[in-house]
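Student: Just dropping this structure here.
We did not get these values from a lab; they are worked out from the coordinates using the rules stated. Every value quoted in this text rests on a predicted model; they were computed, and no experiment measured them. All Cβ positions, even for glycine, are placed from backbone atoms using ideal geometry, and neighbour counts span all protein chains on display.
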Amino acid sequence: MAGCPVCSSTSTQIRWRGLRDRLFRTTAERFDVARCEACGAHFLAPIPPLDQLARYYPDDYWVGPSDRQPQRAAQGGLLERYRMFVLRDHVRFARRVLEAQRHRGLQPRVLDVGCGDGSFLEALGEHDMTGMDLSAPAVQAVQARGIRALRGTLTDCPLAGERFSLITAYHFLEHVHPIEPILAAMRSLLAADGDIIVQVPNCDSWQAMLLGRFWAGYDVPRHLIDYSARTLCSTLERCGFTVVATNHHCLRDNPTTLANSIVPRLYPPARMSRPGGNRGFAGALANLTYLGVTLASVPFCIAESLFGRGASVMVHARPR
Ligand SMILES: [Zn+2]
């Protein structure tokens, strides 16, 4: 077996064989997941060729429906209000960094990489913000919010020459490999004295430990590498960053990861990505059940994050 894609250790072994795409069911293929004994990272073994990954992503991955679309106006903006409410951990963490930048005399200029539908940027509400995503529907969704958005990747970047005070990448690094050129590209887009915030699922969380191969945070086959909080921080340090702060509590992501593990068939974005998957009474009942499981997951998620073992970890870091 090949060495660890994170730390290059050869102490790796297959942990689970024949995992399916339980969440989005994009393929009938089976995948093996390996674990590195040295750093604790989990990874697809083998990591598929990068040019073959697109087929594992539904068109509306991380975009989802918007009730700003005329046909959904009947929802009266409920979905948007829910999104803004559950994004408050992301917003609070980022605002603290931006406040410190203002104190240092740095003019905030935010780039969100893998920006999805742009709801984080809208919730953040800064004056100078840019979203970047590989998905054309995502870029359109961000632009529909009146926010600048570009299609591209960090290593094939339409923003060369621009500098940002803060670069955020939520649930992005686990989808890419190798990580070194990605972090180098982030660094080159940062203004002097700038900051980054990255967030990944935490494969060292209580729910990952308890649920093993059924933990939805592995999101096979879209996640190429799953980091623990410790592995992510040591990777950032190795790539020239200093970790300033970490946060394990995340209302948007942690309870839904537990819910997705328990009832993967009810995950609303996955159902909506299938034709007729969210229609009528059955669709409404599935949404309500999913909401119930998510709410019931909240106390456990608060407990694991209090012990530094939350289902996701957000890290604020700065170049050395
Ligand atoms: Zn390793």
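Student: Counting only residues 5 or more places away or on other chains, whose amide H sits under 5 Å from the amide H of Leu190 once H atoms are built in the peptide plane?
Tutor: Phe164
Student: Once you order the gyration tensor axes a ≥ b ≥ c over the Cα atoms, which shape class does the stretch 88-164 get: rounded for a/c under 1.5, otherwise prolate or oblate by comparing a/b with b/c?
Tutor: Because a/c hits 1.5 or more and a/b fails to exceed b/c, the stretch 88-164 counts as oblate.
Student: Kindly give Rg over Rh for the stretch 52-319, based on alpha-carbon atoms, with the Kirkwood expression for the hydrodynamic radius.
Tutor: Ratio of gyration radius to Kirkwood radius for the stretch 52-319: 0.95.
Student: Okay, next question. Taking just the alpha carbons, could you work out the radius of gyration and Dmax for the stretch 255-320, both in angstroms?
Tutor: Reported Rg and Dmax, both Å: 15.6, 55.
Student: So what are the ³J(HN,Hα) numbers for the stretch 226-233, from phi and the Karplus equation (6.51, -1.76, 1.60; θ = phi - 60°), rounded to whole Hz, Gly and Pro as x?
Tutor: Whole-Hz 3J(HN,Hα) from phi for the stretch 226-233: 10, 9, 8, 4, 5, 5, 5, 4.
Student: Which order do the peptides 137-144, 92-99 take when ranked by the mean count of other beta-carbon atoms within 10 Å per residue, highest first?
Tutor: Listed from highest to lowest mean packing, they are 137-144, 92-99.
Student: Any idea how far the Cα center of the stretch 2-41 sits from the one of the stretch 177-249, in Å?
Tutor: With the stretch 2-41 and the stretch 177-249 each reduced to a Cα centre, they are spaced 16 Å.
Student: Among DSSP beta bridges whose residues both lie in the chain, state the antiparallel percentage, nearest 5.
Tutor: That works out to approximately 60 percent antiparallel.
Student: Rounded to the nearest 500, what is the chain's calculated 222 nm mean residue ellipticity when only DSSP H runs of at least 4 contribute -39500 (n - 2.57) each, over all residues?
Tutor: That calculation yields -10000 deg cm²/dmol at 222 nm.
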